[in-house]
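Everything on this sheet refers to the single structure shown next.
Each reported figure results from applying straightforward, stated rules to the coordinates on display, with no laboratory input. Since the model is a prediction, treat every value here as computed from it, not as a measurement. Note: ideal-geometry Cβ built from the backbone for every residue, glycine included; neighbour counts use all protein chains shown.
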Amino acid sequence: MCFERYVSVGLALALSACGSLPTETIDGDNRQAFIARLAAEPAVCRSYREVYVAGFRENVSALADEDRVAGATAKAKLDESRSLLHREGLSGSDCARPYCIIEPLQNGQLDSWCGFRIDADEGEELYQWLSYPEVRELLSSQN
């Protein structure tokens, strides 16, 4: 019974974080510093993030479709993301990894969202969220 309560509380917190994702883009000092930090990471970190996010999204899709073959393929992609780092002598803590969450939709469907949480630059919120595609675009524009 305690376990169910903890799961319910954890799920409620995760879903409340989804609801607090900002709709406007804030281009302040924390955001710029975060992008600069990502840009300074080893090059393999970008590949790691790409493969990780793709594997996560494919896994969510496989779960929604109840497709075991696609699920195994997604798991292999997630394993490959870690292997990319290990081949370079790095671990997951050497690279920033986005938070990825499963978003339940109507009719039992699932979607996913990946992004980064950083300290807010302004306003009453403690954090600001940067979607993974937005961060990827900002990193690409720095090259």
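For the pair Asp111 and Ala40, label points projected 7 Å from Cα toward Cβ lie 3.6 nm apart. Length gain on complete extension for the stretch Ser47 to Asn30, per 0.36 nm per residue less the alpha carbon to alpha carbon distance? Full extension from Ser47 to Asn30 adds 3.8 nm.
Placing dummy labels 7 Å off each Cα toward the beta-carbon, the span from Glu124 to Ser61 is 4.0 nm. When each of Ile101, Ile118 is scored by the number of other beta-carbon atoms lying within 10 Å, the sequence from fewest to most is Ile101, Ile118.
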